[in-house]
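A.B. asks: Mind having a look at this structure? Questions to follow.
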Amino acid sequence: MAEPAKVAVFISGTGSNMAALLYASRLPDAPYRLVLVASNDPDAPGLALAEAEGIATFALSHKGMTRSDHEQHMEQAARAAGADYIVLAGYMRVLTPETVQRWAGRMLNIHPSLLPLYPGLDTHARAIAAGDEYAGATVHLVTEDLDAGEVLGQVKVAVTTGDTPETLAKRVLIAEHQLYPRVLGEYVSRGNDPQHLFERVRDLALALPESHERTSHGSPGFRVGSEKSGKFFAHFSDRHHGVDHIAVLVKTGSMDELENLVETQPQAYYKPAYYGASGWIGLILNRPGLEWDHVAEWLERSWRHSAPPRLTRLMDAAEDF
Ligand code: GRF
């Protein structure tokens with residue numbers, strides 16, 4: 001199993017979501033562990049709990065500090081703790097776009113409504129006033145726009161007759177505690193999940209002109225050209241022939257290039273069985289630091305290698321545009 005991902009949790013208050021994340025991380029095979037609990041309120045009850053459980057803590061009041069100064073200290077504490085992810089759990093400060101961008105794709109939040117319904121505050125009162133049948137909670141990626149990043153998971157909570165914002169909030173919180181550890185666990189495991197990796201590759205491959213999916217020797221691949229006479233430009237490989245790699249195989253320009261990449265960057269490339277002999281290289285996908293832009297560039301290059309000239313000309317024209 002891969003090393004658990006390192007997570008810093010930012011809280012402002014009770015920290016019950018942080019506690020749910022913490023105890024889930026102590027169960028067998030948990031895909032993440034907490035390396036820090038940080039708060040903008042030194043009296044936040046969640047800090048004492050984290051300390052009692054042996055988790056490093058950091059507290060710095062935001063009072064009298066600029067938003068960006070305060071945030072830099074919080075962020076620095078997360079970095080110093082080695083965090084791969086920052087997870088907001090009842091953190092009541094809006095973060096600056098700079099910080100959010102630095103942690104793009106690595107910062108999550110939980111919000112007590114079924115987003116896109118009711119971003120912001122007073123979510124339960126608003127759901128009750130609207131006569132909604134369900135309230136709920138959402139885990140989402142943090143982007144510059146408040147409560148608007150990609151939704152990673154949701155759970156519905158029935159609104160009952162006579163519910164007040166307080167009674168509803170209590171049940172939603174129970175649901176939050178189930179949702180957050182599950183969604184965070186899935187999210188940090190994505191990089192080792194063949195299904196997820198395949199879907200990313202497929203999206204990139206099928207975005208190239210006249211490409212289609214076709215199985216080859218039992219593995220999915222992608223071809224360019226007509227259904228009849230198309231040529232393969234990518235093969236997806238999930239731990240074939242005794243290697244640990246989940247990879248996409250693409251065409252290199254020459255055997256020299258292939259051998260050179262494999263020798264100088266063995267963490268990123270390998271020479272696959274059979275295919276390697278005819279110039280296909282394996283781009284390793286289940287590794288830390290993978291950049292999808294880089295995968296996209298390779299797919300395009302390999303596509304160009306196999307595409308008929310009428311299509312590459314079209315692509316050139318589009319790129320010059
Ligand atoms: C939760 O309802 C969460 O959705 C919201 O703030 C509350 C935090 O509660 N963002 P806790 O501190 O995790 O107990």
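Bear in mind that the values in this text are calculations on the coordinates, not laboratory data. Keep in mind the model is a prediction, meaning the values are calculated, not measured. Because the Cβ atoms are built from the backbone with ideal geometry, glycine has one as well, and the counts that use them run over all protein chains shown.
A.B. asks: Please compute the contact order of the chain in relative form: average sequence separation of alpha-carbon pairs under 8 Å and at least six residues apart, divided by the residue count, as a percent.
C.D. replies: With pairs under 8 Å counted, the relative contact order is 11 percent.
A.B. asks: At 0.36 nm per residue, and after removing the present C-alpha to C-alpha distance, how many nm does the segment from Arg79 to Arg93 gain when stretched out fully?
C.D. replies: 3.2 nm
A.B. asks: Now, a different point. Taking θ = phi - 60°, what integer Hz values does the Karplus form 6.51 cos²θ - 1.76 cosθ + 1.60 yield along segment 14-21, in sequence order, with x for Gly and Pro?
C.D. replies: In residue order, the calculated couplings are 3, x, 5, 5, 4, 4, 4, 5 Hz.
A.B. asks: Using a 10 Å cut-off around each Cβ, can you sort Tyr32, Tyr180 from fewest to most neighbouring Cβ atoms?
C.D. replies: Ranked by crowding around the Cβ, least crowded first: Tyr32, Tyr180.
A.B. asks: Now for a separate question. Can you give me the long-range amide H partners of Gly136? Hydrogens built in the peptide plane at 1.01 Å from N, cutoff under 5 Å, separation of 5 or more residues or another chain.
C.D. replies: Leu114, Val157
A.B. asks: If each residue's Cβ is checked for other Cβ atoms within 10 Å, how do Ser189, Ser39 rank with the fewest at the top?
C.D. replies: Ser189, Ser39
A.B. asks: A further question on this structure: Treating only the Cβ atoms of Lys and Arg (+1) and Asp and Glu (-1) as charged, compute the dipole magnitude of the chain about its Cα centre; round to the nearest 20 debye.
C.D. replies: 640 debye
A.B. asks: Largest first and to the nearest Å, give the Cα extent of the chain along each principal axis.
C.D. replies: Ordered largest first, the chain gives principal extents of 65, 44, 42 Å.
A.B. asks: Please build a GNM for the chain, connecting alpha carbons under 10 Å apart, and tell me which residue among Ser229, Ser219, Ser302 fluctuates the most.
C.D. replies: Greatest mean-square fluctuation among the candidates belongs to Ser229.
A.B. asks: Further, regarding this structure: Which whole-Hz couplings ³J(HN,Hα) result when phi for each residue of segment 258-264 is put into the Karplus expression 6.51 cos²θ - 1.76 cosθ + 1.60, θ = phi - 60°, listed in order with x for Gly and Pro?
C.D. replies: So the J values, rounded to whole Hz, are 4, 4, 5, 5, 5, 6, 8.
A.B. asks: Once a ≥ b ≥ c are taken as the square roots of the eigenvalues of the Cα gyration tensor of segment 252-319, is the result rounded (a/c under 1.5), prolate (a/b larger than b/c) or oblate (a/b not larger than b/c)? Don't skip to the end; give the middle numbers.
C.D. replies: Details: a/c = 2.64, a/b = 1.51, b/c = 1.75.
The shape class here is oblate.
A.B. asks: Placing +1 on the Cβ of each Lys and Arg and -1 on the Cβ of each Asp and Glu in the chain, which of Leu290, Ile110, Val262 has its Cα farthest towards the positive end of the resulting dipole?
C.D. replies: Val262
A.B. asks: Can you give me the Kirkwood hydrodynamic radius for segment 144-246, using every pair of distinct Cα atoms, in Å to one decimal?
C.D. replies: That comes to 17.7 Å for segment 144-246.
A.B. asks: Rounded, prolate or oblate, given the Cα gyration tensor of segment 45-192, with a/c below 1.5 counting as rounded?
C.D. replies: Values: a/c = 1.69, a/b = 1.61, b/c = 1.05.
Prolate, because a/c is 1.5 or more and a/b exceeds b/c.
A.B. asks: Grab the DSSP H runs of the chain that are 4 residues or longer, score each as -39,500 (n - 2.57), total them, divide by all residues and round the 222 nm result to the nearest 500 deg cm²/dmol.
C.D. replies: Working: 10 runs with 120 residues, N = 321.
After summing the helix terms and dividing by residue count, I get -11500 deg cm²/dmol.
A.B. asks: Can I ask one more? Most exposed first by the Cβ proxy, i.e. fewest other Cβ within 10 Å, how do Val157, Val9, Val87 rank?
C.D. replies: Val157, Val87, Val9
A.B. asks: Related question: Would you work out which of Ser16, Gln72, Ala30 lies farthest towards the positive end of the dipole of segment 16-137? Charges go on Cβ: Lys and Arg +1, Asp and Glu -1.
C.D. replies: Highest projection toward the positive end goes to Gln72.
A.B. asks: Moving to a separate point now. Just want to confirm a number: the relative contact order over segment 61-116, from Cα pairs under 8 angstrom separated by 6+ residues, in percent.
C.D. replies: Rounded, it is 36 percent for segment 61-116.
A.B. asks: If we count every other residue with Cβ under 14 angstrom of Ala135's Cβ, Lys/Arg +1 and Asp/Glu -1, where does the sum land?
C.D. replies: Values: positive: Arg126, Lys156, Lys170, Arg171; negative: Asp122, Asp132, Glu133, Asp163, Glu166, Glu176.
Result for the neighbourhood of Ala135: -2.
A.B. asks: Under 5 Å between amide hydrogens, which residues at least 5 positions from Leu152 or on another chain qualify, with H placed 1.01 Å from N in the peptide plane?
C.D. replies: Val139, His140, Leu141
A.B. asks: Spelling out what I want: for every residue of segment 269-280, take phi, set θ = phi - 60°, compute 6.51 cos²θ - 1.76 cosθ + 1.60 (Karplus), and round to whole Hz; glycine and proline get x.
C.D. replies: 10, 8, 9, x, 4, 6, 4, x, 4, 10, x, 8
A.B. asks: Turning to a different aspect of this structure: Under 5 Å between amide H atoms, partner at least 5 residues away or on a different chain: which partners does Gly90 have, H built in plane at 1.01 Å?
C.D. replies: Ile110
A.B. asks: Given a cut-off of under 8 Å on Cα pairs at least six residues apart, what relative contact order in percent is computed for segment 183-321?
C.D. replies: 22 percent
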